1. Among the helices (runs of 4 or more DSSP H) confined wholly to region 318-404, which include 1 or more residues that are touching a residue at least 60 places away in the same chain (Cβ under 8 Å) and in the same structural domain as Leu560 (by TED's automatic domain parsing)?
2. Restricting the search to region 431-470, which residues are in a loop (DSSP other than H, G, I, E, B) and either over 18 Å from Val488 (Cβ atoms) or touching a residue at least 40 places away in the same chain (Cβ under 8 Å) (or both)?
3. Sort through Leu481, Leu517 and tell me the only one that's farther than 28 Å from Gln438 by Cα, in contact with a strand residue (DSSP E or B) (Cβ under 6 Å, 6 or more places away or on another chain), crowded, with 21+ Cβ neighbours inside 10 Å and not assigned by TED's automatic domain parsing to the domain that holds Ile332.
4. Just checking, does region 723-738 include any residue being part of a helix (DSSP H, G or I), acidic (Asp, Glu) and crowded, with 17+ Cβ neighbours inside 10 Å?
5. Determine which single condition Ala315 fails, assuming it passes every other condition in (1) at pLDDT below 75; (2) over 23 Å from Ala723 (Cα atoms); (3) buried (at least 18 other Cβ atoms within 10 Å of the Cβ).
6. Please report, ordered by residue number, the strands (runs of 3 or more DSSP E) entirely within region 116-167 with at least 3 residues that are among the polar types (S, T, N, Q) and in the same structural domain as Asn625 (by TED's automatic domain parsing).
7. Report whether or not Leu410 is in contact with a helix residue (DSSP H, G or I) (Cβ under 9 Å, 6 or more places away or on another chain), surrounded by fewer than 20 Cβ atoms within 10 Å (Cβ to Cβ) and over 25 Å from Glu499 (Cβ atoms).
Amino acid sequence: MSEKYYNQDASTVCQNLQTTESGLNSEDAKARLAKYGPNALTAKKKKSMLMRFVDQFKDFMIIVLIVAAILSGVVAKEWTDAAIIMIVVVLNAVLGVIQEARSEAAIEALKEMATPNAHVKRDGKVLEIPSTELVPGDLVMLEAGDVVPADLRLLTAHSLKIEESALTGESVPVDKDATTLEGDEVALGDRVNMAYSSTNVTYGRGEGVVVGTGMQTEVGKIAKMLNEADETDTPLKQNLNHLGKTITIMILLICVFVFAVGVLKASPVDRNSALMINMFLVAVSLAVAAIPEGLPAIVTIILALGTQTMAKHKAIVRKLPAVETLGATDIICSDKTGTLTQNKMTVEQMFYDDQLVDSKAEIAATNPALLAMVLANDTKIETSGNLLGDPTETSLIQYAFDHKIDVPALLTEHARVQEVPFDSDRKLMSTVNKFGEQYFVAVKGAPDELLKRIDAIDIAGQVSPMTETRRQEILTTNQNLAKKALRVLGLAYKVVDEEFDNPSTENVEQGLIFAGLVGMIDPERPEAKAAVAEAHNAGIKTVMITGDHQITAQAIAERLGIIAPGQDQRVLTGAQLDDLEDDYFVKHVSDYSVYARVSPEHKVRIVKAWQANGKIVAMTGDGVNDAPSLKQADIGIGMGITGTEVSKGAADMVLADDNFATIVEAVKQGRKVFSNIQKAILYLMSCNVGEVLTVFMMTMLGWDILAPVQLLWINLVTDTLPAIALGVEPTEAGIMNRKPRGRKSNFFSGGVASSIIYQGILEGVLVLGAYQIGLHVGPHVGNPSLQHGDALTMAFLTLGLIQLFHAINSKYIHQSIFRAHTFINKWFNGAILLAALIMSAVEIPFMTKFFDVTELNAEQWLVVLLAGVLMIVIVESVKFVQRKMGKA
């Protein structure tokens, strides 16, 4: 909606849109439909399944693996290795396509929100037509229960209330008015003379002229932002790309170095094509050994297991990388209504009998304040006990139920006989009810308006004249309640002897007796405050973003501990945000913790500002208005119960219980997942460095070299099971006391890179040492050919089993494994035991020929096992020194 209609007179809007009191004529409507198109949302062109599948192979790590597979098969003739790599690559691509297909439901859900039919005036007649046929200039009739079919400038509004929380975030229905608004920049939630597409009429009736259809509506703007939103690379994807590039550089250096050294070491006479090919094959074999081909599959498995754990904690992950992204979160931008609060109005305080009391204080069924709030009320009570109606009114009935008041009996005893409906001008509602032989007039509404009609006050059953002092005390109490962000209603009554001839505000709402005040609020969730505190301890900043008023937002934020009491400077409204230049806002975004009266564009701007500061941002939301920011954020978190299908479709993760505390638990699980992936990478990469160093040094020293089948067997046995088992390690103690690792961190951060290098070198040295010792121990000493076979077998078994010992080291990157909980993971224990048995199976007599190994005696086995023990002892010693030096 490019033009601002809210600050234009209604007659001017109708004149500009060339419509009359009779509405458009059929021919004009048909011409406009051809010009503006149907009143429906459009989505960007979807990718075909084939293109989605092809896109999965554009990832750098995947390209590296494909090249490795080709080199393994074509050059090194290791077709089994090549097949394993390609199976992993294809499986990863299929999983990626499935996840992407699930994530494109946001626009479809927006389409489904459109009302199927609309009541429109054309040719002077009210017709019911499909909402898709509405055009600008159409006159649309609205009544309670309708879904607004397009953006409308209201022409009339009779007690009209529209629930707009899905669009603006405001928790209570908005009283609508057809009067012209002043100002060029009025916040979306304050445009009381407008009705917006896909919002719900909860009360009254009205008429409006269509000023925007389809993609020109406010909902259409959101759909456009969803279409245009850039997909943000997750930290996991960035980390894997970084890992792929690092491995590629390492591979190229290894290949070039080995090839050059091998050729240069040979004499000029031997430098022929055969030598060149042989050295090239050696270099390629080393390069293939350096690639952790199972890493993408292992990462996928760890993430999938993480999603299962999160599901048990009511967090449903829609996109696998979101599991790990949560663990890196710096900022949680949280919607207020329904996320931090309960999204239902609740009575919090009452003022009657000259006392301000908590809502839990006892109150009698005959108290005139309670009678006024129950009788002057249009809430429908279903047989099941559910309350239907305006949230403010249902909260009053719920208050009575909570105090064991038999509301149906009360309504039957004091049946309504007359009423003066609520009107947005006088801001009051009155009912006339049976009261024995008399009639009880119940009135509720805005305290300042009500006090104009008050002549007396009821204090504990004693009615006395209203004095100016009493009036000021009541107004002061009203102001104090409002400062606490409570929505305050005044309650009054009078008893008359007969019904009114023509009930109106002039006769029904005069000479009233003041009964009390009632203060209501959409209260914070009970567990939200503790969750905000836990997030703070974890170094995560909670930012509240809401469409509600500034006072309400600030009060809730103070109650939750998001800001300290009185920190007004940390609260920013949407209008104030519009006045800030982008550069200034990006520099000062950390100064603000609460945003009130914001639009969807503001939410996206806030997320982008934090991201521009290098922060990883999670955005929670439940409304249509949250969808663009959910998609823009590094991780979007939708609400499963109160959330719209639009917000859930745009989210990376959905909370099944709408519980803010679940987010903190999910962050904890995300940190655990990252930590476990890091452990798996440390294990895999250090083992691969050990393998490369072993083969490289054997080649350079002219020793016997391990056969391809032996290297393949080690990779198959030691790479998969232990690495996956590390992925299901339990959460480390104190993980939520660590600060967020930041966007610039990666899997090699925190000393992992140096650990990979020194631990890989240590593995290689121990294997080479076992080979050398193998030349001098065992039953074949003095028989060089057999002794070399024993030494090579010892090197083979040491290289395989030492990696399993090292898997135990990898359970803690910096902490000692000598603790009570080290072996609490039964899956890890089983995986290590099984892998050790499979590795040792090569010593079974009929297997020795297949793997070209000899049978070792006890002395030789002792050397192999001693190398594994030394691996643990040395690594633990280094960790101990690192902790003492404060580098862990």
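1. Details: elements: 321-327, 368-375, 391-402.
Per the criteria, 321-327.
2. Kept after step one, since they are in a loop (DSSP other than H, G, I, E, B), are these residues of region 431-470: 436-437, 446, 452-453, 460-461, 466-467.
Within region 431-470, Gly436, Glu437, Ala446, Arg453, Ala460, Gly461, Met466, Thr467 qualify.
3. Testing whether each residue is farther than 28 Å from Gln438 by Cα, in contact with a strand residue (DSSP E or B) (Cβ under 6 Å, 6 or more places away or on another chain), crowded, with 21+ Cβ neighbours inside 10 Å and not assigned by TED's automatic domain parsing to the domain that holds Ile332 leaves just Leu481.
4. no
5. Just one mismatch for Ala315, condition (1).
6. By residue number, no strands (runs of 3 or more DSSP E) qualify.
7. On the way: in contact with a helix residue (DSSP H, G or I) (Cβ under 9 Å, 6 or more places away or on another chain): yes; surrounded by fewer than 20 Cβ atoms within 10 Å (Cβ to Cβ): yes; over 25 Å from Glu499 (Cβ atoms): no.
No: the conditions fail for Leu410.
Rundown of residues vs (1) at pLDDT below 95; (2) of a type in the set (D, E, K, R), yes/no style:
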residue: Met373; (1), (2): no, no
residue: Asp378; (1), (2): yes, yes
residue: Gly385; (1), (2): yes, no
residue: Leu388; (1), (2): yes, no
residue: Glu393; (1), (2): yes, yes
residue: Tyr399; (1), (2): no, no
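The values are calculated or read from the model by the stated rules, or taken from the named source; none is laboratory data. Please read these numbers as outputs of a predicted model, since none were measured by experiment. Neighbour counts are summed over all protein chains in view; Cβ atoms, including those assigned to glycine, are modelled from backbone coordinates with ideal geometry.
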